[in-house]
1. Would you tally the residues in segment A:1-47 being farther than 21 Å from A:Tyr226 by Cβ and at pLDDT below 90?
2. Quick one: is A:Ile71 assigned to a helix (DSSP H, G or I), more than 22 Å from A:Trp162 (Cβ to Cβ) and without any contact (Cβ under 8 Å) to a residue 40 or more places away in the chain?
3. It is to be established whether one or more residues within segment B:188-195 are among the basic types (Lys, Arg) and farther than 22 Å from A:Gly133 by Cα.
4. Hey, does segment B:33-44 have a residue that's under 16 Å from B:Phe326 (Cα atoms), in contact (Cβ under 8 Å) with a residue 12 or more places away in the chain and within 11 Å of another protein chain (Cβ to nearest Cβ)?
5. Just one of A:Gly99, A:Gly116, A:Gly140 is buried (at least 19 other Cβ atoms within 10 Å of the Cβ) and not polar (S, T, N, Q); which is it?
6. Can you spot a residue in segment A:22-32 that is part of a helix (DSSP H, G or I), more than 14 Å from chain B (Cβ to nearest Cβ), more than 11 Å from the chain's Cα centre (by Cα) and surrounded by fewer than 23 Cβ atoms within 10 Å (Cβ to Cβ)?
7. Go over the candidates B:Ser132, B:Ser156 one by one and state the one that is under 18 Å from the mean Cα position of the chain (by Cα) and farther than 23 Å from A:Val74 by Cβ.
8. Return the residue satisfying two criteria in turn: it lies in segment B:300-317 and is hydrophobic (A, V, I, L, M, F, W, C) and buried (at least 22 other Cβ atoms within 10 Å of the Cβ), and of such residues it is farthest from B:Ile68 (Cα to Cα).
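The values are calculated or read from the model by the stated rules, or taken from the named source; none is laboratory data. For clarity, every value in this text was computed on a predicted model and none was experimentally measured. Cβ placement follows ideal geometry from the backbone for every residue including glycine, while neighbour counts extend to all protein chains displayed.
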Amino acid sequence: MKRDWGIWLLLCAVVFGMPLFIRSPYYYSILIFIAIYGIVVLGLTLLMGYAGQVSLGHAGFFGLGAYFSAILTVHLHLNPWPAMGIALIATVLVAFILGIPTLRLRGHYLAIATLGLGVVLQIIFKEELELTGGPSGMGGIPYFHLSSITFSNDRKYYFLCWIFLIILYGLSINLVHSRIGRALRSISQNQTAAGSLGINVSWFKLLMFGLSAGYASLAGSLYAHYLTFVNPSPFGFMASVKFMAMVVIGGSSSLWGALLGTALLTSLPEFLAVLEDYEMLVFGAILILVMMFAPKGLAGIFSWIYQTIRNKVKKQDAPAG
Amino acid sequence: MKKLALTAVLTVLVGLVAISVANTAEQAKETYKIGVVLDITGPASSLGEPEKQTLGMLAEELNAKGGINGHLIEMILYDNEGDEAKSLIKAKKLIEQDKVLALIGTSQSGTTMAIVPTVTAAQIPLVSCAASWKIIRDPETKKTREWVFKTPQSDSLAVTKIFDYLQKKGVKKIAIMSVSTGYGDSGRAELQRLAPNYKFEIVADERFAPTDTDMSAQLTKIKGSGAEAVICWAIRDPSAVVAKNMKQLGMKQMLIMSHGVATKKFIELAGDASEGIILPAGKLIVADLLPATDPQKKVLIDYRNKFEAKYKTPVSTFGGHAYDAFTMLTDAIKKAGPDQKKIRDELEKVKGFPGTGGIFNMGPDDHEGLTKDAFMMVTIKNGNWELVK
């Protein structure tokens with residue numbers, strides 16, 4: 001618990017210290033996408049790592065948030081802030097309604113059902129021409145603004161996104177260490193045993209599904225008001241897989257691991273760009289190596305390094321003291 | 001030991017001299033940087049790859065001739081993997097880090113739309129290789145976007161060409177078959193918008209998914225609708241299925257397709273069923289059939305021969321879009337020098353430029369510069385293209 005809040009504070013320091021070192025909107029734009037994807041991945045980690053439920057449809061909820069925001073601000077000329085709130089409520093509602101039948105399933109069946117859900121949502125984005133602009137998308141989405149500040153430049157948007165992430169990260173830490181968090185971990189270990197201990201398994205599963213969809217929706221709104229354009233292609237099955245990869249690479253039962261996974265998968269292609277044609281090859285190799293040698297993801301590797309160093313220090317201290 | 005030291009000193013000296021010589025050469029004429037973002041990998045790789053090849057070939061050629069007014073050009077090319085977010089990141093990198101003069105790209109409308117606000121804010125000219133009119137004109141305000149140009153022909157031009165032809169044939173009732181992608185929807189919207197101008201009645205309007213392998217259901221509906229012509233708006237693969245299904249169902253209606261199938265591969269895929277299909281096509285695929293008086297003929301044949309000699313693959317219209325973008329942009333830089341505002345102004349002044357996509361005549365309110373004459377009506381006969389008389 002202490003360690004989690006320590007990392008949280010460290011993250012705050014990094015977020016607010018970063019602008020001292022970087023100037024280019026290019027780096028800001030990468031960091032913005034890390035924050036946006038990071039919010040989705042945080043929610044997904046709560047669902048996958050803590051509640052033990054797989055979702056291959058979260059890009060759909062991400063898209064739902066983006067499209068609700070886009071439609072409410074473009075067609076109904078709503079202010080982006082309330083639009084974001086309405087998008088959040090609507091997406092969570094959709095997740096609850098869809099989650100009631102879906103979450104009765106377990107394991108592979110649940111994965112397939114959520115996969116279908118994501119695909120159906122993307123089809124809706126494509127087919128509702130009047131509302132969503134169809135496959136060619138809709139533009140002209142306004143920027144966020146707070147009295148006289150318009151969040152149109154990358155620096156301001158960086159702060160906005162990361163403040164959202166920091167708040168949601170704090171909420172998640174709180175949740176994980178609460179009664180709910182403990183109940184969730186027991187569910188992920190063994191649903192039947194958890195149920196026999198008086199934990200309302202299906203309710204907790206549904207709660208986490210709704211919560212993670214809410215995270216995705218907020219991220220979607222942030223995406224829509226940054227690009228000021230949405231089209232269905234970033235919200236498809238491949239995006240869901242990408243989010244899941246971020247969770248797994250980071251270490252599915254660690255919140256800060258999830259952020260690490262997101263940062264790595266979002267920024268690595270940029271660093272590897274110097275390798276040009278071999279970029280994908282190296283990228284793939286890194287993913288395979290992590291999966292093979294570090295099944296607990298990056299979080300596992302870092303924990304291991306931390307433990308080893310601590311043990312060494314202890315050993316050295318022992319004879320002296 | 002002494003010998004070694006001497007050689008080391010000498011090498012360093014020679015190296016220094018070489019660097020300084022190179023430096024002075026560079027200082028004399030600094031390079032012009034052109035940024036390129038294309039969908040090279042991912043779902044639109046069949047568009048991005050020939051575009052990349054074309055640009056590579058043209059840049060090499062231009063530099064071999066001494067560049068633009070003695071300035072060599074440096075083309076910085078990034079792949080956005082068909083992803084909107086990556087497209088935006090790469091465009092920002094080109095503008096902020098690489099400090100390019102102008103941008104070319106991207107290959108798809110979605111990935112271009114993602115960077116339009118950024119280039120507009122940064123005031124960098126962008127020549128897109130994607131087709132949607134929304135790229136160059138704000139769909140809400142109908143105003144031309146100041147900094148954005150595009151080279152592919154708009155769908156409305158193809159639709160006009162088709163409708164002119166159908167009117168000449170005395171057709172009254174038409175049926176639409178369109179694919180549920182950006183391409184299909186854009187075509188469908190234009191068909192619906194322009195049909196009343198020609199007093200055509202749309203008796204059926206069916207859609208299908210790009211991966212569908214059977215369209216008999218939709219075609220059966222059309223068969224009973226009394227349509228005299230079926231207009232199918234889709235890319236290569238599903239269009240071939242439509243052609244085959246129509247033949248299987250014994251439908252005798254005239255079959256019109258969009259320019260999206262104007263590749264040899266389509267004829268291979270559809271086989272016999274492709275015989276007699278009529279479509280509007282850019283002139284690249286029928287370059288040999290054009291009369292010698294056609295001002296585009298020389299450009300088309302030159303480009304095709306060079307491309308096919310270098311890459312050993314057939315040319316495609318997509319590479320042609322990149323050819324037009326590169327040529328117009330470098331011409332504009334030649335006239336304007338390294339000044340973004342002037343480059344934009346020069347792009348707007350392009351007049352009578354024979355490209356692969358048509359004869360371009362840009363203007364302050366026309367950032368596409370093409371008319372329906374950019375298309376020829378062609379038909380497929382004995383597995384080959386033929387001009388429709």
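1. Selection size over segment A:1-47: 6.
2. When the stated conditions are applied, A:Ile71 does not pass them.
3. Scanning segment B:188-195, I find no residue that is among the basic types (Lys, Arg) and farther than 22 Å from A:Gly133 by Cα, so the answer is no.
4. First, the residues of segment B:33-44 that are under 16 Å from B:Phe326 (Cα atoms): B:33-38.
Retained after the next criterion (residues that are in contact (Cβ under 8 Å) with a residue 12 or more places away in the chain): B:33-38.
Among the residues that remain, those that are also within 11 Å of another protein chain (Cβ to nearest Cβ) are: none.
Scanning segment B:33-44, I find no residue that is under 16 Å from B:Phe326 (Cα atoms), in contact (Cβ under 8 Å) with a residue 12 or more places away in the chain and within 11 Å of another protein chain (Cβ to nearest Cβ), so the answer is no.
5. Working: A:Gly116 fails: buried (at least 19 other Cβ atoms within 10 Å of the Cβ); A:Gly140 fails: buried (at least 19 other Cβ atoms within 10 Å of the Cβ).
The conditions single out A:Gly99.
6. no
7. B:Ser156
8. Here the answer is B:Val315.
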